[in-house]
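Below: one structure, written as structure tokens.
Read-outs throughout are calculated quantities, based only on the coordinates presented, and are distinct from any laboratory measurement. What you are looking at is a predicted structure, and each value in this text was computed from that prediction instead of being measured. As a convention, Cβ positions derive from the backbone with ideal geometry for all residues, glycine included, and neighbour counts pool all protein chains shown.
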Amino acid sequence: MAPMNRREMLKVGVGTAVAHGVVTAIGCGAQGSERHEHHTGGESPPLAAPTDAQQAFARAAAVCIAAGEACLSHCLRALQSGDTSMAECSRTTHAMLAICRAVPAIATSGSAHLGRLAALCAEVCAECEAACAPHAGHHAECRECAEACRETQRQARALAA
């Protein structure tokens with residue numbers, strides 16, 4: 001069996017992350033429904049299933065996470081070898097990863113905070129894309145991260161508050 005290339009690994013990782021998020025959201029929704037049936041009173045109704053836009057945002061963020069991890073590793077290797085040209089790329093990718101990691105759970109959970117997170121995510125992904133752009137012609141990791149950030153921004157803006 002041939003080893004997987006980076007794009008195949010990203011697809012597997014994204015599929016796994018999205019499936020986990022959706023299963024978690026559905027499982028939590030089912031538990032909420034069961035509780036709602038057994039308890040009456042001031043409890044909130046069960047959560048609605050994530051919309052297509054919310055799922056697309058969660059998928060885009062998962063791709064961004066996978067691409068960002070590869071980009072950050074590349075930046076750190078460059079920095080370790082004394083190449084400081086990757087410092088800004090490393091800094092913005094680190095921030096993007098922190099925000100994008102919250103997206104799948106929030107986007108699929110019906111959270112009232114989704115709009116604000118989407119707006120912040122779009123802003124952070126724009127910064128990351130801009131920092132990766134100068135390196136995109138030389139490093140596949142930076143190019144793939146910039147492309148993933150661009151798509152995540154597009155999906156985030158559709159949901160931003």
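Taking the number of other C-beta atoms within 10 Å as the exposure measure, put 120, 114 in order starting with the fewest.
Listed from fewest to most nearby Cβ atoms, that is 120, 114.
What ranking of 84, 152 emerges when the number of other C-beta atoms within 10 Å of each C-beta is taken as an exposure proxy, fewest first? Don't skip to the end; give the middle numbers.
Values: 84 9, 152 33.
Taking fewest neighbouring Cβ atoms as first place, the list is 84, 152.
Alpha carbons only, please: Rg and Dmax for segment 50-161, in angstrom.
13.8, 46
Subtract the Cα-Cα distance of residue 105 and residue 138 from 0.36 nm times their separation in residues, and report this length gain in nm to one decimal.
Working: separation 33, 0.36 × 33 = 11.88 nm, distance 3.37 nm.
Extra length available between residue 105 and residue 138 comes to 8.5 nm.
Kindly state, to the nearest 0.05, the FRET efficiency for residue 81 paired with residue 113, given R0 = 35 Å and r defined as their beta-carbon distance.
Rounded to the nearest 0.05, the efficiency is 0.30.
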